[in-house]
Every structure is written in structure tokens, then in C-alpha cells.
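Reading through the C-alpha cells given below for one structure.
The values are calculated or read from the model by the stated rules, or taken from the named source; none is laboratory data. Bear in mind that the values here come from a model prediction, so they are computed numbers and not experimental data. Every residue, glycine among them, receives a Cβ derived from its backbone with ideal geometry; neighbour counts consider all protein chains shown.
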């Protein structure tokens with residue numbers, strides 16, 4: 001097994017890799033329709049000079065610098081430059097509203113903001129001008145002229161051009177330790193105002209070192225290619241899609257966006273992908289829809305692949321299935337693999353629970369999908385499924401190297417190790433609640449199976465307790481509902497009630513097909529009250545109920561007014577539903593389901 005060196009800080013790791021790699025390509029992005037790269041040497045030079053520019057502006061070690069940008073090479077180089085200057089990066093989502101930015105600026109006390117485009121600057125600048133601590137705004141792209149007596153505006157390119165500090169001198173100045181603060185990452189806030197999680201260099205390095213050991217032992221560590229498409233401001237992508245590739249000496253390609261992701265995957269041909277479950281739920285449904293339209297023979301082959309794959313996942317393919325298994329490995333599976341570039345070692349799913357059925361589906365098609373588990377408070381990866389231990393999709397695998405996990409008396413999962421945060425920024429009460437005797441109280445409920453793999457049953461705060469005291473996992477039911485072709489999204493409720501009811505967002509592609517087949521106008525307002533449309537959705541709910549216990553069954557449901565999105569604040573940027581927001585919108589209508 002190849003182990004990663006024990007670096008003193010993230011900046012030292014980056015400059016060590018830059019020295020090794022030199023003129024080899026590092027960061028890739030599309031320009032004028034072509035992929036163009038920045039070498040390790042050029043990236044190191046830019047990081048060094050931007051860090052010098054930040055110091056020249058008067059920023060001191062420990063000062064916070066907010067970073068607002070879509071995923072692009074400049075995002076990562078700015079992040080590294082901030083840390084190289086001894087400052088603390090405060091990543092912010094590109095989807096944030098002016099109110100979100102104001103909260104983070106005021107709470108973090110950031111003295112400087114780096115922003116990419118005029119579009120992203122529009123909701124940011126009013127907040128930056130109002131913020132008491134903000135003194136500088138740096139634009140990656142040219143920003144519109146703005147008048148302010150307290151904030152100075154700078155062009156990133158001009159700041160870099162004015163500096164001469166080289167990479168070696170910058171690396172020599174990075175004398176901070178693993179215990180020093182690297183970044184403040186504000187949690188998505190599924191239940192209130194975001195809190196700043198204090199991640200130190202050692203916490204992220206712990207994750208990088210442990211994940212590198214996993215890749216090396218289970219898959220072999222070679223020339224790795226990553227495709228970055230999850231928000232870099234999210235802890236999962238920040239560590240798994242940015243810092244982890246640096247540790248491996250890998251290349252990072254920046255996707256053109258979700259709408260072009262499928263094309264980018266085929267072009268880039270990544271070896272490792274950091275993904276979220278929703279992507280695979282969508283891809284699974286698209287594959288099923290495409291095969292259905294290709295005729296009975298293709299559907300038969302897919303069903304055989306799924307059947308044999310399920311047996312392989314269980315540990316044994318019978319002798320009589322092996323000729324068909326070989327045929328599928330030469331026909332169906334290569335076609336599916338080609339959609340993912342053809343050289344994927346592993347796709348690691350995190351950020352939300354993965355329905356085991358989805359994982360087994362892709363396993364059957366020849367793709368290795370690993371479910372991981374973590375929290376921003378743990379830098380963020382705590383555990384991950386490993387082929388060498390045995391893939392079991394109902395688990396999130398064993399804890400990472402040098403990570404302690406134990407189960408409290410009430411079933412809560414507790415974590416200890418260098419990966420655990422220093423606490424919440426300027427929030428002693430919440431820090432004391434989350435960190436007790438060195439253990440991070442995750443708020444997740446679960447247990448360890450016979451092989452030491454973590455099994456998560458639910459969030460403590462999300463568990464529905466029915467009026468007779470029965471506990472129900474909403475995430476389990478919602479995951480099963482969204483696997484139905486008719487349903488895009490779902491939320492179930494029932495706390496202190498006699499049974500579970502639901503809110504359903506119909507799948508738009510299925511809805512369009514249904515309208516065409518039933519000669520309806522497909523106006524959403526009309527469809528919500530169309531009894532035939534509701535009956536079709538009810539059939540999907542009934543299929544799910546057939547596999548649920550009596551207390552878990554969804555007895556009634558309503559149709560949502562619109563999909564849950566980040567823009568309407570019903571989803572977090574990491575694609576988790578904001579239950580309190582959705583409950584505020586639909587609460588009366590959901591309550592009315594109990595009065596019928």
C-alpha cells in the first residue's frame with residue numbers, strides 16, 4: 001500500500017506536488033470549446049504571487065477571506081493562495097442570496113472577498129459594502145465600477161502581475177501547523193442559519209491521507225483524473241474533489257455545468273468521481289427509460305444484467321448464469337461504462353444517503369459505486385465502503401484510517417480523531433453541544449455491523465415519532481419514493497400524528513409522457529387536481545407502500561406547487577431538502593390530510 005507523506009499543512013502538500021510534477025498538466029477548463037490546462041509549475045507561481053498580493057493589501061495571518069466563485073481553476077488557486085498567506089478561506093456558495101452573504105460576512109468578520117464574475121458579484125457587493133470588517137473586493141473577471149468609501153476594488157490579474165514572489169519562497173513562508181485553522185465552511189443550514197465550521201489543516205490532511213490509503217489498497221494509485229462538478233465551496237468537494245486530488249498528484253478537470261456533465265464525462269474519462277446520490281437516481285431512471293424505448297430484447301438484457309449483478313453482489317453467480325454474465329460483460333456493460341468514460345475506478349457517493357437499490361443497480365452494470373459518510377464537522381469524510389472489506393450498500397463502510405467511531409447508549413454515532421473540527425466559529429454553546437470529551441456527536445443514529453461497517457438508520461432530529469411512540473425514518477421512505485419513475489422528489493411528515501403523509505413532486509419527463517398519452521394539456525396547475533393524474537401517482541405510492549411496514553406506509557399525499565430547488569430555498573446547495581422551509585410552505589395543506 002502506498003501511503004501519503006505526513007505534511008505539516010495543506011500548502012506544503014501543494015508545493016511538494018508542484019515540485020514533483022513541474023510542467024505536467026494540473027488544472028483543466030474549457031476555453032473556446034477546447035480543454036486547456038494550467039501546469040503545476042504555473043499554478044504554484046500564481047498561488048505564490050496572489051498570496052504575496054494579499055499580504056501587501058495588509059491581510060494578516062488568521063484574517064478571513066471570503067471566496068465566491070463557480071468551480072474553475074482560479075477557485076482552487078485562490079483558496080491555496082489565501083492559506084499560503086496564513087489567512088483563513090471562507091468558501092461561500094455561488095447560489096447564495098444577498099442575505100446569505102451578509103450573514104457569512106458579518107459572522108466570519110472577513111476582511112477581503114474574492115469573487116469570480118459580475119453575475120455573482122451582484123448579490124455579494126451590497127452585503128460586502130454594508131459589512132463592518134470587509135475592506136477589499138478582488139474580481140477574477142472585470143467587475144463593474146462601484147462607489148464605496150470603505151471597500152477597495154482590485155483586479156486579480158493586476159495584483160498577481162505586480163508581485164514577484166516565487167513558489168519556493170512562498171513554500172518556505174508556510175510555517176503554520178496542522179493545528180492551525182485552514183477554512184471556515186458554513187454548513188448548508190437545513191434547519192436554520194448556517195454555522196461556520198472551523199476546519200484545521202490537520203483535519204483535511206487526515207481525510208486526504210486516509211482516502212489515499214483506501215484508493216491505494218483497494219484500487220491501486222496511479223495517474224488519476226478527477227472531474228469537478230459539485231460546488232467547491234461544499235466540504236465534500238473541497239476535500240474530496242480539490243485537496244484529495246492534490247495529495248494524489250492528480251489532474252482536475254472543471255465541468256462546464258450539470259447540463260453538460262454527461263458530455264464532459266465522456267470527454268474527460270475520469271478515473272475517480274466524487275458524486276451525490278441524486279445524480280445516480282437520475283442516471284438510473286434515464287437508463288431505464290432509454291432501454292424501455294429500445295425494445296423488448298434490450299429490456300431483457302438489462303433485466304438479466306440486474307438479476308445476475310444482484311447475485312454477484314450477494315457473493316455468488318451460479319454456474320448456469322456465467323455464460324450470460326460473460327456475454328453481458330462484452331455487450332451491455334461496456335456500453336454503460338462508455339457513458340462514464342470507460343476508465344472509472346470508483347465513484348464515491350456522499351452528501352446524502354444512497355438507496356441500496358441504486359448502488360446494486362450500478363454494480364450490476366459493472367460500475368463500482370462506493371457510499372461514503374461524513375459531515376462538514378469531520379472534514380468531512382468519516383467512513384467509506386471498501387471492496388476489500390466487502391461492499392454492502394446498506395452500510396457506509398468502515399471508518400477511515402486513524403478514525404475512531406463508537407455508538408452511544410441512545411444509538412448516536414460518535415467520532416474522534418484529527419478529522420474532528422475545532423468547533424463552530426464564535427458559537428460556544430453549539431460547540432459544547434457537538435464536542436463532548438473529545439468526541440463529535442454527529443446527530444446520526446446507527447450501529448456497527450459484524451465487519452465494523454457503519455449502518456445509519458436516521459438523523460436523531462429527523463426521526464418521525466408517531467402519536468403512539470413508533471419511530472419512522474423519513475429518509476428511507478423518501479428514498480424509496482424517488483426511485484419510482486413517476487416521482488422526482490418527496491418529503492414525508494407525521495410527527496405526533498397517527499400515520500405518515502407525503503408531499504410529492506412529479507417527475508417532469510414522466511408527466512409529459514403521461515399528458516401526451518392521456519391527451520392532457522400538461523399545465524401543472526390543472527394536473528394537480530386531475531383525478532386520473534393523481535391516481536397514476538397513487539399507483540407509484542402504492543408500490544412503495546407494498547414494501548413498507550404498517551407504521552411506515554404513506555396514507556395520503558399532496559402534489560407540490562413546484563420542484564424543490566436551491567433557488568426557492570427548498571434545497572440546500574448540497575441537494576438536501578430543507579424540511580423547515582418546505583413545512584412552512586405546505587404545513588397547512590399537509591395538516592389538512594389528517595382531517596379528511
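A compact table of results
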{"quantity": "Scope segment 467-483; condition assigned to a loop (DSSP other than H, G, I, E, B) and touching a strand residue (DSSP E or B) at 6+ places or on another chain (Cβ under 9 Å); matching residues", "calculated": "470, 473, 482"}
{"quantity": "Lone qualifier among 172, 182 - being closer than 19 Å to residue 6 by Cα and surrounded by fewer than 24 Cβ atoms within 10 Å (Cβ to Cβ)", "calculated": "172"}
{"quantity": "Qualifying position, being farther than 30 Å from residue 236 by Cβ and not in a helix (DSSP H, G or I), among 291, 317, 274", "calculated": "317"}
{"quantity": "Wholly within segment 1-75, strands (runs of 3 or more DSSP E) carrying at least 2 residues that are within 20 Å of residue 176 (Cα to Cα) and within 26 Å of the chain's Cα centre (by Cα)", "calculated": "64-68"}
{"quantity": "Odd one out for residue 266 among (1) touching a residue at least 40 places away in the same chain (Cβ under 8 Å); (2) surrounded by 14 or more Cβ atoms within 10 Å (Cβ to Cβ)", "calculated": "(2)"}
{"quantity": "Any hit, segment 188-195, residues being at pLDDT 95 or above and either in the same structural domain as residue 570 (by TED's automatic domain parsing) or not in a helix (DSSP H, G or I) (or both)", "calculated": "no"}
{"quantity": "Segment 376-390, subset buried (at least 24 other Cβ atoms within 10 Å of the Cβ) and in a loop (DSSP other than H, G, I, E, B), residue nearest to the chain's Cα centre (by Cα)", "calculated": "380"}
{"quantity": "Residue count for segment 495-525, restricted to those that are outside any helix (DSSP H, G or I), touching a helix residue (DSSP H, G or I) at 6+ places or on another chain (Cβ under 8 Å) and either at pLDDT 90 or above or buried (at least 20 other Cβ atoms within 10 Å of the Cβ) (or both)", "calculated": "7"}
{"quantity": "Number of positions in segment 153-167 that are assigned to a loop (DSSP other than H, G, I, E, B) and within 31 Å of the chain's Cα centre (by Cα)", "calculated": "0"}
